[in-house]
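The values are calculated or read from the model by the stated rules, or taken from the named source; none is laboratory data. This structure is a prediction, so every number in the text was calculated from the model and none was measured. Counting neighbours? That spans all protein chains shown, and the Cβs are built from the backbone with ideal geometry, glycine included. Ligands, DNA and RNA are stripped out before the accessible areas are found, and what is left, the full protein with its side chains, is counted by its heavy atoms. Shrake-Rupley method; radii C 1.70, N 1.55, O 1.52, S 1.80 Å.
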Amino acid sequence: MTWLALSWPYVLELTGEHLLLSVPAVLLSVLIAIPIGQLANRRPTVGGFVLGAASLMYAIPALPLLIIIPVVFGFPLRSPATVITALTVYGTALLVRTAADAFGSVDAEVRAAALAVGHSPRGVFWHVDLPLAVPVLLSGVRVVAVSTVSLVTIGALIGVPSLGSLLTDGFQRGITEEVMVGVVATILVALVLDGLLILTGSALAPWARRRSPRPKILGATR
Amino acid sequence: MIEFESVSKTYPGGTVAVREFSLQVPSHRTVVLVGSSGSGKSTLLQMVNRMAEPTGGRVLIDGDDVAGRDAVALRRSIGYVLQHGGLLPHRTVLDNIATVPVLNRTPRRRARIQAAELLERVGLDESLGTRYPSQLSGGQQQRVGVARALAADPNILLMDEPFGAVDPIVRRELQAELARIQADLGKTIVFVTHDVDEALRLGDEVVVLRRHGVIAQRGTPAQILAAPADDFVRDFIGADRDERRLTVERIDGRDIAVDGTGRPIGVLDS
Ligand SMILES: Nc1ncnc2c1ncn2[C@@H]1O[C@H](COP(=O)(O)OP(=O)(O)OP(=O)(O)O)[C@@H](O)[C@H]1O
Ligand SMILES: [Mg+2]
């Protein structure tokens, strides 16, 4: 515990950096995946193609991606923007299919009924499709959040600080405790974000909360 | 008044739902379209609020072709009750009822207060207002559907088998409730059902449909019972069914109505 006792302010600072990299990436992934998912539902042919292409991006290895992004977007190599963009690519790839499923889960009859009583087509998206997609969408966002938090550590490869820096630094200097702290802190951040997402979900979808009072991830045991 | 002027609807793919249908629905009346499944009843209703566009003919409301109206504004001006309720599962009962007023920019608070009043009008307790549709029984959901259709005080109500999914006893209650509301409000109602008894009970006028929305007979319930136009109608309304064939027997000086099975069902007032 000696290392942590001395270095906890550094760990806190890195946790902050970690959040500043992962939270924007998750938000951007959601913002990008939603219209793609919606498109995949409206136009299965075009949408299916976009969906496939987007999912494939997950197969791009991290290092080449971190090198391509600065070239394409004109960011400096060692910038948070590069890492956030890379994480957004992976996050979007993970989320698009769930987003499509989320909109597909909205009962077509409910949608037609909403139109029939006088919602405008755009209103149906905001007032019916989107809120009703929240429970399924959220299950995908939780996966993306956890995955992004652990992927942030790759930023350390190009020298963008995050909790991943503890891993690279600890390995290089042979400080096992530092590596352990890096791993545990990353997991804790993931758990906390996941918890916040569950809370957000039940705030956004109280109707679903009342129907199934317990989120599945907590398990069926009481 | 709603007028169907030789309206036809062929769906993409070639299914003919409605062929050359003409009908006038007078204001403040209830006209019931009754026909078996697939006879084009829903399609006819949907052509009034432009959820379906006719492939031939016109639908007029008070003389104006609905095709020339803005579809969204048109729908907001017409109350629509759907077979399976069609309530928004993520909105509370009050918010469901307040849907159209809120879309029309009535302040939400006021719309909710009016919605609570409507709950009472359709025979529901105000305490149900904060529930979600999934927390209601089928009959309660249908009542909420009716309340939602009434919320913006439309002149026209379109009702598509609104009581089809509830048990017979609740259905009778809902029918009585609707008759009471209609006596108060005098809306122009087009009501669709495949239940002949419901049609005879609720319609000022009943229109019996064959396939493709072809009119087999139209008339008051009494006219249709008195003189079914042909075997199809006779069969459809069950004119030969025991409970429709009443005879009068004189017992102890009173006239007793007896149905076809010989079971007494009432006493004639002298
Ligand atoms: N969107 C659609 N696309 C293609 N065909 C349709 C569509 N809607 C209805 N139809 C067809 O049109 C015909 C009439 O359908 P409609 O729904 O109007 O009948 P209905 O009298 O309301 O029946 P039900 O009592 O079962 O509700 C049917 O043959 C049906 O299959
Ligand atoms: Mg129908």
Check A:155, A:118 and return the single one that is over 24 Å from residue A:50 (Cβ atoms), buried (at least 22 other Cβ atoms within 10 Å of the Cβ) and within 14 Å of chain B (Cβ to nearest Cβ). A:118
Pair list, Cβ under 9 Å, 6 or more apart: segment B:8-30 residue farther than 20 Å from residue B:215 by Cβ, other residue within 16 Å of ligand 1 (Cβ to nearest atom) and not small (Gly, Ala, Ser): B:11/B:43; B:11/B:55
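For segment B:80-137, list the helices (runs of 4 or more DSSP H) that sit wholly inside it and hold at least 2 residues that are within 13 Å of chain A (Cβ to nearest Cβ); which are they? If you could, list the steps in order and put the result at the bottom.
Values: elements: B:93-97, B:99-103, B:108-121.
Fully inside segment B:80-137 and qualifying: B:93-97, B:99-103.
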Kindly indicate the residue of segment A:77-99 that is open to solvent by 10 Å² or more (accessible area, probe 1.4 Å) and touching a Gly at 6+ places or on another chain (Cβ under 6 Å) and also farthest from residue A:20 (Cα to Cα) among those meeting that condition. A:98
Is there a residue in segment B:198-214 that is away from ligand 1 (no atom under 16 Å from the Cβ) and exposed (fewer than 13 other Cβ atoms within 10 Å of the Cβ)? no
Kindly indicate whether residue B:262 is on the phi > 0 side of the Ramachandran plot and in contact (Cβ under 8 Å) with a residue 60 or more places away in the chain. no
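Which is open to solvent by less than 20 Å² (accessible area, probe 1.4 Å), within 14 Å of the chain's Cα centre (by Cα) and at pLDDT 95 or above, of B:23, B:44?
Working: B:23 fails: within 14 Å of the chain's Cα centre (by Cα).
After ruling out the rest, the residue left standing is B:44.
Among the helices (runs of 4 or more DSSP H) confined wholly to segment A:79-177, which include 2 or more residues that are in contact with a Phe, Trp or Tyr (Cβ under 7 Å, 6 or more places away or on another chain)?
Values: elements: A:80-104, A:108-116, A:121-124, A:130-151, A:164-173.
Here the list reads A:80-104, A:130-151.
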Which of the following residues is within 16 Å of ligand 2 (Cβ to nearest atom) and assigned by TED's automatic domain parsing to the domain that holds residue B:205: B:21, B:4? B:21
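If you scan segment B:45-62, which residues turn out to be more than 16 Å from ligand 2 (Cβ to nearest atom) and small (Gly, Ala, Ser)? Write out each step before concluding.
Here is the first cut: in segment B:45-62, the ones more than 16 Å from ligand 2 (Cβ to nearest atom) are B:50, B:53-62.
Within segment B:45-62, B:56, B:57 meet the criteria.
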Mind telling me which of the residues B:66, B:100, B:16 ends up being assigned by TED's automatic domain parsing to the domain that holds residue B:129 and either at pLDDT 95 or above or open to solvent by 30 Å² or more (accessible area, probe 1.4 Å) (or both)? B:100
